[in-house]
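The structure appears below as structure tokens.
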Amino acid sequence: MDLSPDDLAPRDRYKLLIGCIVPRPIAFVSTISLDGRTNLAPFSFFNGVGSDPMTLLFCPANRVDGGEKDTLRNCKPRMEGGTGEFVVCAAVEGYAREVALAAEPLPFGESEFELTGLDTASSRRVRAPRVARSPWAFECQTLQVVRTNPGAPLGGNVVIGRVVHVHLDDALIDERLHVDPERLRAVGRMGGIGYVTTRDRYEMPLGLAALERERPFERE
Ligand SMILES: Cc1cc2nc3c(=O)[nH]c(=O)nc-3n(C[C@H](O)[C@H](O)[C@H](O)COP(=O)(O)O)c2cc1C
């Protein structure tokens, strides 16, 4: 089958993006409004950008009425009316249900910390708190928001943040800062309402060295 995005409704384009681009990591993003009200929401259009400076991105789409989701309203740069700050926390098995629960579209100012019962812990360099149970947290200052269709329903927004502080559970890492995936127990998002764990893993060296290993799967 061949498809042109122009012939598809935005909902169907969305279905293809989330069904094909899998598995996706989940940013559990904490923000605070200018008047001090906390907010927490998951975003799986999320990834690292680069390590010098340490940067990451996540993508809160516009709401169906074209408005900004609370997270974007809070974390957009100060000159655009936001706080210019956010904290990305982990999505892990221990509170996987709360991650999904926090996607409830509460009215602006009502906190998903209260809804989920997840405790906050204070951050060091930004005002937004972090999820106390999160095994890692990246405190970020917003560098830029790229809007792909401002004001349009489901239009995309890329929030690019500079990591200004890192919290790590000591039990998660070794002395060389290697993160133990077995202890992390991250969960990721698939299409629809599907999720994956990260319990089934394999190792493969990069480039030509990969030829020296067995194929990890029988059926290719
Ligand atoms: C696991 C998961 C991943 C999600 N990823 C995204 C995403 O990448 N972009 C997005 O706009 N909404 C995403 N959502 C939906 C938002 O979490 C939801 O719209 C939420 O209400 C936004 O909260 P806010 O208005 O407090 O920012 C996701 C929901 C879940 C459960």
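A few points about this structure:
- Qualifying residue in region 82-93 (condition: more than 8 Å from the ligand (Cβ to nearest atom), among the β-branched types (Val, Ile, Thr), more than 16 Å from the chain's Cα centre (by Cα) and outside any loop (DSSP other than H, G, I, E, B)): no
- For region 129-149, a residue qualifies if it is free of Cβ contacts under 8 Å to residues at least 24 places away in the same chain and over 15 Å from VAL92 (Cα atoms), and the qualifying residues are VAL146, ARG147, THR148.
- Condition broken by CYS89, with the remaining ones in (1) touching a Phe, Trp or Tyr at 6+ places or on another chain (Cβ under 7 Å); (2) exposed (fewer than 15 other Cβ atoms within 10 Å of the Cβ) satisfied: (2)
- Residues that are of a type outside the set (A, V, I, L, M, F, W, C) and not in a loop (DSSP other than H, G, I, E, B) were ranked within region 94-108; the one that is nearest to ILE32 (Cα to Cα) is GLU98.
- In region 33-75, residue most open to solvent (accessible area, probe 1.4 Å) [restricted to those that are within 6 Å of the ligand (Cβ to nearest atom) and in a strand (DSSP E or B)]: PRO42
- Any hit, region 105-115, residues being within 14 Å of the chain's Cα centre (by Cα), under 14 Å from SER30 (Cα atoms) and within 14 Å of the ligand (Cβ to nearest atom): no
- Meets criteria (outside any loop (DSSP other than H, G, I, E, B), out of contact with any Ser or Thr (no Cβ under 9 Å at 6 or more places or on another chain) and open to solvent by 80 Å² or more (accessible area, probe 1.4 Å)) for ARG199: no
- Within region 76-86, being farther than 18 Å from HIS165 by Cα and open to solvent by 20 Å² or more (accessible area, probe 1.4 Å) holds for LYS76, ARG78, MET79, GLU80, GLY81.
- Residue in region 8-24 that is open to solvent by 20 Å² or more (accessible area, probe 1.4 Å), in contact with a strand residue (DSSP E or B) (Cβ under 6 Å, 6 or more places away or on another chain) and near the ligand (Cβ under 10 Å from one of its atoms) present: no
The values are calculated or read from the model by the stated rules, or taken from the named source; none is laboratory data. Fair warning: this is a prediction, and the values are worked out from it, not measured in the lab. Here Cβ is always computed from backbone atoms with ideal geometry, including for glycine, and neighbour counts include all displayed protein chains. The protein model used for the area step is the full one, side chains on, heavy atoms only, and it has no ligands, DNA or RNA in it. Shrake-Rupley method; radii C 1.70, N 1.55, O 1.52, S 1.80 Å.
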